[in-house]
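Q: Submitted below is the structure of interest, expressed as structure tokens.
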Number of protein chains: 2
Amino acid sequence: MTHPLRKHIEEIIHLTDEEFEFILSHFEQIKKRKHQYLVQEGDIVKKEFWIIKGCLKSSFIDNEGKEHILQFGMENWWITDYESFVNQTASKISIDCIEDSELLYITAENRDALTAKMHKMERFWAKKSKYGRIALQNRVLSLLQNSAKERYDVLLNQYPQLFQRVPKKMIAAYLGVSRETLSRLNS
Amino acid sequence: MTHPLRKHIEEIIHLTDEEFEFILSHFEQIKKRKHQYLVQEGDIVKKEFWIIKGCLKSSFIDNEGKEHILQFGMENWWITDYESFVNQTASKISIDCIEDSELLYITAENRDALTAKMHKMERFWAKKSKYGRIALQNRVLSLLQNSAKERYDVLLNQYPQLFQRVPKKMIAAYLGVSRETLSRLNS
DNA sequence: CTTAAAATGTGATCTACATCACTTTAAAAC
DNA sequence: GTTTTAAAGTGATGTAGATCACATTTTAAG
């Protein structure tokens with residue numbers, strides 16, 4: 001059975017068995033339990049994570065103590081704090097597990113080394129980066145344009161599994177509404 | 001006097017005279033007058049623009065006829081609709097000039113050709129793409145976290161020139177508040 | 001199994017911001 | 001310079017969604 005990461009990369013570029021083994025050798029695998037942190041506020045993030053199994057969130061707590069969720073991550077998704085990872089500055093956000101999770105991670109050094117030796121990975125990273133940006137752009141548009149109910153419906157249609165796996169108050173923190181309001185949106 | 005685009009690129013990678021000339025040969029220059037479109041809703045965007053001089057906005061009109069502004073662009077900024085440019089799908093947004101503007105543009109083909117022949121441009125594009133993503137990420141956080149007044153103050157501090165150059169109702173459309181509310185934020 | 005701790009729902013009330021309506025001011029266009 | 005059009009300010013009123021308070025249900029922990 002093909003490795004899920006291989007499937008994931010091959011959605012963008014084609015790989016031989018040796019190439020994939022070479023790629024995989026640049027990653028490490030870890031397991032984390034529910035409520036464990038991958039990144040804590042203040043860390044300088046050295047790794048980019050790919051989710052084999054589980055569910056995570058990247059979020060931050062504002063000065064009123066309210067949590068805001070930037071991203072959820074599930075199987076086959078990448079997650080990290082890009083700002084900290086790219087600029088090597090202290091992270092404003094935390095990333096933690098909503099479920100027990102299994103992850104692969106790659107450091108910036110390994111990523112650079114891999115890309116240098118295997119040039120076509122550049123296309124993979126570039127494409128992923130572009131997609132991430134487009135998703136964020138659409139989220140900005142949605143926050144500017146849509147009501148709480150509309151944002152809720154869009155998310156529910158796009159990621160129905162999410163609603164089975166994460167508490168509603170986190171959905172609320174992602175959508176930018178209070179949990180009370182979210183609870184009333186169904187009716 | 002060094003070309004402003006050269007200065008801009010050299011903030012990230014170093015260039016010889018020949019290299020810059022080679023880069024520049026992949027661009028075309030155009031002038032547009034105030035109110036003219038660079039991209040109209042429905043277009044499949046073929047170009048990425050770099051602003052030599054002037055001021056532009058990328059925006060879209062929702063089904064209630066309200067304008068929402070995704071991005072402003074001024075001197076030394078890049079502007080395009082990434083979603084359409086990357087995926088070659090119909091653009092949801094329009095880009096038009098707030099002032100008479102002078103622009104350089106590069107097509108996807110020229111960009112690929114340039115990058116293929118001059119590998120270090122890859123690093124330049126990658127970095128720009130990352131910065132764009134980080135900016136969007138922070139905008140999402142700001143929309144989730146901050147009040148209209150707070151978002152206004154942040155923007156005013158970050159880009160004071162913008163407030164001299166664009167009508168307030170456009171600032172409002174960028175911040176996600178009505179122009180009436182924006183007008184009352186000062187007091 | 002029992003107890004503690006989250007998660008969720010729901011009413012009552014409050015408030016930031018939207019919308020509508022109209023006036024004033026400034027900038028294009030002729 | 002005069003007219004037209006767009007920008008900006010401001011009051012009155014409406015409303016989506018926040019906040020507070022408490023009850024109920026579900027999940028986790030001892």
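The values are calculated or read from the model by the stated rules, or taken from the named source; none is laboratory data. Fair warning: this is a prediction, and the values are worked out from it, not measured in the lab. All Cβ positions, glycine included, derive from the backbone under ideal geometry; neighbour counts span all protein chains shown. These area figures cover heavy atoms from the full protein model, side chains too; ligands, DNA and RNA do not enter into them. Shrake-Rupley method; radii C 1.70, N 1.55, O 1.52, S 1.80 Å.
Q: Once phi is turned into θ = phi - 60°, what whole-Hz ³J(HN,Hα) does the Karplus curve with 6.51, -1.76 and 1.60 give for every residue of the range B:149-165, x standing for Gly and Pro?
A: Residue by residue, the range B:149-165 yields 4, 5, 4, 4, 5, 4, 5, 4, 5, 6, 9, x, 4, 4, 5, 7, 9 Hz.
Q: What does the copy distance list look like for B:Thr16, label position 7 Å along Cα→Cβ, in nm and ordered from shortest?
A: 3.4
Q: I'd like to know how chain B sits against the 2.2 N^0.38 Å rule of thumb: what's its Cα Rg over that expected value?
A: 1.09
Q: Which whole-Hz couplings ³J(HN,Hα) result when phi for each residue of the range B:4-17 is put into the Karplus expression 6.51 cos²θ - 1.76 cosθ + 1.60, θ = phi - 60°, listed in order with x for Gly and Pro?
A: Once rounded to whole Hz, the list reads x, 5, 5, 3, 4, 5, 6, 5, 10, 10, 8, 9, 8, 4.
Q: Between A:Ala148 and A:Glu10, take the C-beta separation as r, use R0 = 25 Å, and let me know the FRET efficiency to the nearest 0.05.
A: Computed FRET efficiency for A:Ala148 and A:Glu10 comes out at 0.05.
Q: Moving on to the next point. Going toward the positive end of the dipole of the range B:1-130, with +1 on Lys and Arg Cβ and -1 on Asp and Glu Cβ, which of B:Leu15, B:Ile106, B:Trp77 do you reach last?
A: B:Leu15
Q: Still on this structure, I have one more. How well do other chains shield peptide A:124-134, expressed as the mean number of their Cβ atoms within 10 Å of each residue Cβ?
A: 5
Q: Need one value: the accessible area of A:Tyr37 in square angstrom, 1.4 angstrom probe, rounded to the nearest 10.
A: 100
Q: To continue, here is another question. Taking R0 as 41 Å, what FRET efficiency do you get between A:Lys92 and A:Phe22 from their Cβ-Cβ distance, rounded to the nearest 0.05?
A: Efficiency, rounded to the nearest 0.05: 0.75.
Q: Search the structure for amide H atoms under 5 Å from the amide H of B:Ser91, placed 1.01 Å from N in the peptide plane, and list their residues when 5 or more places away or on another chain.
A: B:Gly42, B:Asp43, B:Ile44, B:Val45
Q: Also, quick follow-up: Per-residue ellipticity at 222 nm for the protein assembly as shown, helices alone: DSSP H runs ≥ 4 residues times -39500 (n - 2.57), over residue total, nearest 500 deg cm²/dmol?
A: Theoretical 222 nm ellipticity from helices: -13500 deg cm²/dmol.
Q: How big is the Rg/Rh ratio for the protein assembly as shown, C-alpha atoms only, Rh by Kirkwood, two decimals?
A: 0.96
Q: Another question, then. Return the whole-Å distance between the Cα centroid of the range B:135-172 and the Cα centroid of the range A:98-172.
A: Answer, in whole Å: 24.
Q: Pull up all non-local amide H partners of A:Gln71: gap of 5 or more, or a different chain, and H-to-H distance under 5 Å with H placed in the peptide plane.
A: Correct list: A:Ser58.
Q: Here's something else I'd like to know. Could you tell me which residue out of A:Ile61, B:Gln161, B:Gln29 lies farthest along the dipole of the protein assembly as shown toward its positive end? Charges go on the beta carbon: Lys and Arg +1, Asp and Glu -1, centred on the Cα centre.
A: Farthest towards the positive end: A:Ile61.
Q: Only loop residues by DSSP count here, and only those with at most 13 other Cβ atoms within 10 Å; note down the trypsin sites (Lys or Arg not before Pro) in the range A:68-158 that meet that.
A: Values: sites: A:Lys92, A:Arg111, A:Lys117, A:Lys120, A:Arg123, A:Lys127, A:Lys128, A:Lys130, A:Arg133, A:Arg139, A:Lys149, A:Arg151; in loops: A:Lys92, A:Lys120.
Here the sparse-neighbourhood loop sites are A:Lys120.
Q: Normalised by the empirical 2.2 N^0.38 Å for globular proteins, what value does the Cα Rg of the range A:25-109 take? Numbers along the way, then the final one.
A: Values: Rg = 12.2 Å, N = 85, 2.2 N^0.38 = 11.9 Å.
Output field value: 1.03.
Q: Pop out the ³J(HN,Hα) list for the range A:30-40 in order, Karplus 6.51 cos²θ - 1.76 cosθ + 1.60 with θ = phi - 60°, rounded to Hz; leave Gly and Pro as x.
A: Whole-Hz 3J(HN,Hα) from phi for the range A:30-40: 9, 10, 9, 9, 2, 6, 7, 8, 9, 9, 10.
Q: Residues of the range B:4-120: accessible area per residue at 1.4 Å, in Å²?
A: On the way: 5830 Å² over 117 residues.
Value for the range B:4-120: 50 Å² per residue.
Q: Right, next: Using a 7 Å offset from Cα along the direction of the beta-carbon, what are the separations from B:His119 to the same position in each other copy, nm, ascending?
A: 0.6
Q: Also, I was wondering about something else. What is the Cα radius of gyration of the range B:77-187 over 2.2 N^0.38 Å, N being its residue count?
A: Dividing the Cα Rg of the range B:77-187 by 2.2 N^0.38 Å gives 1.31.
Q: To continue, here is another question. How much accessible area does B:Leu136 have with a 1.4 Å probe, in Å² rounded to the nearest 10?
A: Accessible area of B:Leu136: about 20 Å².
Q: Sequence-distant or interchain residues sharing an amide H contact under 5 Å with B:Ser101, placed H: which?
A: B:Lys32, B:Arg33, B:Lys34
Q: To continue, here is another question. What percent do you get for the relative contact order of chain B when only Cα pairs under 8 Å and 6+ apart count?
A: The normalised contact order for chain B reaches 24 percent.
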